[in-house]
Amino acid sequence: MLYPLAETTECDFKRELETKKPKSWLKSVSAFANGIGGKLIFGVDDSGKFVGIIDAQKSAEAISNLIKTRITPTPQFILTLEKEQEKSVLILTIEAGRATPYYYKADGIREAYVRIGNESIVAPDYILNELILKGKNQSFDALTSDVKKEDYSFTLLEATYYERTLLKMEPKDYFSFCLADKKGYLTNAGRLFADQYIVYNSRVFCTRWNGLEKGSVFDDALDDKEFEGNLIYLLRSASDFVKNNSKVRFYKDVEYRVDKPDYAERAVTEALVNALIHRDYIVSGSEVHIDMYDDRLEISSPGGMFDGKAVQEHVITDIGSMRRNPVIADLFHRMKFMERRGSGLKKIISETEKLPGYNESLKPIFYSNGSSFRVILKNVNYGTTKVSDKVSDKVSDKVSDKLNEKEKCFFNVLMTLAKQHDFVTTKVVAEAAGMPEATTRRYLAKFSKMDIIVSDGKNRSKKYYLKNTSMTEANP
């Protein structure tokens, strides 16, 4: 059979079976059962070299007994014996468990482990709490709190629900949607949709950085905002922040205008909804972070993939619908902020691909580990304005003294348009300059002779570019 070349999230090598100190490998049994499952291969050293295991039958019996006596509850496992390079190898396959958490228990110790990279570590408190909920087939958002619905208002939720569904939200819907129980106590989901700020971790921190890297918020941030409270308010506020710190360039073709936004609005919305719905609200002192740079937008949220596997190890088109907070997800679906099929990540990609100027280098990036999830959207206009600015500034210095006043006015209009668009047409320049197209053509012809602009095409379809720049150069 084929083995991994190295230890991974789903595989661990053991040179021999340690029976006197079994915790050395039983913690991996706990971690695999608490995660996505995995394999322990006995008879292989850390480098992947086959050394074999002595008395495989006796070792197999010891493995079974130690798991049953030291791991609680007992996970599902399979032991198989393989011959590799004339040496015996024992493969212990641990199934991903449903009765989490699975503890290692011995000598007064009771610890649950999780897999981080190629190591098995003691589960942090917030992961342990999530494992406990998972084992009880419960979710954080469905848990009932000690907060009474009558003590809070839900104006924004009810107004948004009506706006997006044309249905009035009735008192009975709070129970139907699992926002409150029959006694009128709010669930955690209900608390997250209240007008008042009553869930401390329900926050979004937004920063527009000056440049390509983070720095000091006081010195290097062009804009920063902190929002807290109702999830609908967070979604709208975060969306507005991104819009206010993004640009929409455009150019006019022969008969129509083509908008070129930095980011696809629908892709941004999907990424923000994904962050608010799937984040882990149990992590103390946590929040969603939106970091905007010159060349990209990053949205980070607490909590990795709910199935425990890193998103980069998935095929995006094959990711199923597994939700950490199903109550919140259901309500967002009812209000048509998202689809129920778990197609959010695919939507982010497909909407970004529709942007003018898109190429494969601008494909969205998804990354997760055990404690966080991140979406990176590339700015499809990054670099285009800077190229035009540099060229037009250089041209301005070159020709300023050679023009009369009318020509200077026309030239300033032309340079302004050049900074905004990949190319211009006679009609576009004429409208901006407020002059007849015949006069505009004459001025454009003069600047062509001065080697300031170049043209492509004929008649009404003719396009003008700044010398030494083009659509190809402006979109690296």
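The values are calculated or read from the model by the stated rules, or taken from the named source; none is laboratory data. Just so it is clear, the model here is predicted, and its values are computed rather than measured. All Cβ positions, glycine included, derive from the backbone under ideal geometry; neighbour counts span all protein chains shown. Surface accessibility is based on the protein's heavy atoms, side chains included, excluding ligands, DNA and RNA. Shrake-Rupley method; radii C 1.70, N 1.55, O 1.52, S 1.80 Å.
Please work out which residue is modelled with the highest pLDDT, limiting yourself to region 321-347 and to residues that are open to solvent by less than 50 Å² (accessible area, probe 1.4 Å) and more than 23 Å from PHE193 (Cβ to Cβ).
LEU345
Given the options THR439, THR472, name the one that is modelled with pLDDT of 85 or more and among the β-branched types (Val, Ile, Thr).
Every option except THR439 fails the conditions.
If ILE127 satisfies all but one of (1) among the hydrophobic types (A, V, I, L, M, F, W, C); (2) under 21 Å from GLY303 (Cβ atoms); (3) free of Cβ contacts under 8 Å to residues at least 60 places away in the same chain, what's the number of the condition it fails?
Of everything listed in (1) among the hydrophobic types (A, V, I, L, M, F, W, C); (2) under 21 Å from GLY303 (Cβ atoms); (3) free of Cβ contacts under 8 Å to residues at least 60 places away in the same chain, ILE127 misses just condition (3).
Checking SER350 against (1) at pLDDT below 90; (2) part of a helix (DSSP H, G or I); (3) open to solvent by 20 Å² or more (accessible area, probe 1.4 Å), only one condition comes out false. Which one?
Condition not satisfied by SER350: (1).
Residue by residue through region 138-156, note down the ones that are free of Cβ contacts under 8 Å to residues at least 12 places away in the same chain and either open to solvent by less than 70 Å² (accessible area, probe 1.4 Å) or assigned to a loop (DSSP other than H, G, I, E, B) (or both).
Listed by number, the list holds a single entry, GLN138.
What's the total number of residues in region 183-225 that are in contact with a Gly (Cβ under 9 Å, 6 or more places away or on another chain), surrounded by fewer than 22 Cβ atoms within 10 Å (Cβ to Cβ) and assigned to a loop (DSSP other than H, G, I, E, B)?
Going through region 183-225 one residue at a time, the tally reaches 7.
Can you tell me which of VAL311, VAL315 is touching a Ser or Thr at 6+ places or on another chain (Cβ under 7 Å) and of a type in the set (Val, Ile, Thr)?
Result: VAL311 is the single residue among VAL311, VAL315 that is touching a Ser or Thr at 6+ places or on another chain (Cβ under 7 Å) and of a type in the set (Val, Ile, Thr).
Picking from ILE365, ILE328, which residue would you name as being of a type in the set (Val, Ile, Thr) and touching a residue at least 24 places away in the same chain (Cβ under 8 Å)?
ILE328
I need the strands (runs of 3 or more DSSP E) fully contained in region 35-127, keeping only those with at least 1 residues that are among the basic types (Lys, Arg).
Once the strands (runs of 3 or more DSSP E) in region 35-127 are filtered for at least 1 residues that are among the basic types (Lys, Arg), what remains is 38-42, 77-84, 87-94, 103-106, 109-116.
Quick one: count up the residues across region 282-307 that are modelled with pLDDT under 95 and either buried (at least 22 other Cβ atoms within 10 Å of the Cβ) or not in a loop (DSSP other than H, G, I, E, B) (or both).
Qualifying residue count for the region: 2.
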